[in-house]
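The values are calculated or read from the model by the stated rules, or taken from the named source; none is laboratory data. Note that the structure is predicted; figures quoted are calculated from it, not measured. Cβ: placed from backbone, ideal geometry, glycine included. Neighbour counts: every protein chain shown.
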Amino acid sequence: MANAEKAIQKSELSKSYENLSFVEKIAVKRAIKPIKKKLKHVNTHSTYSESRLTDKEFIIAFILLLFLGFLRIHRFYLGYPLYGLLMLFTAGGCGILIIIDLVLLITGNLKRRHGYF
């Protein structure tokens, strides 16, 4: 029953939108545009809480960091390719960034980018 009510409301809104003048339609589109941007931002960043690593992902990232930390493979694995390349070309701060990444990974502050790989 709720779907039927939503369909009726949607058809009524589309009919009322069709009755608007050209200038009013432009005003409605301009008013809706920032709302759509905010909704898109919320939808893309709603997975932030899901960006924590599972046990399996943590183990993989930890092993990659220990054995291939100098190549920054763990950063590529977690979804940070540009940061990984930057660290690779700067030689990782002479090993200092490996230690920083190790601490971040162990404390849980090194997460997946936007909740996906």
Within the range 32-59, restricting attention to residues that are closer than 30 Å to A91 by Cβ and in contact with a helix residue (DSSP H, G or I) (Cβ under 7 Å, 6 or more places away or on another chain), which residue is modelled with the lowest pLDDT? S51
Considering only residues of the range 63-117 that are closer than 19 Å to R52 by Cβ and of a type in the set (D, E, K, R), which is modelled with the lowest pLDDT? R113
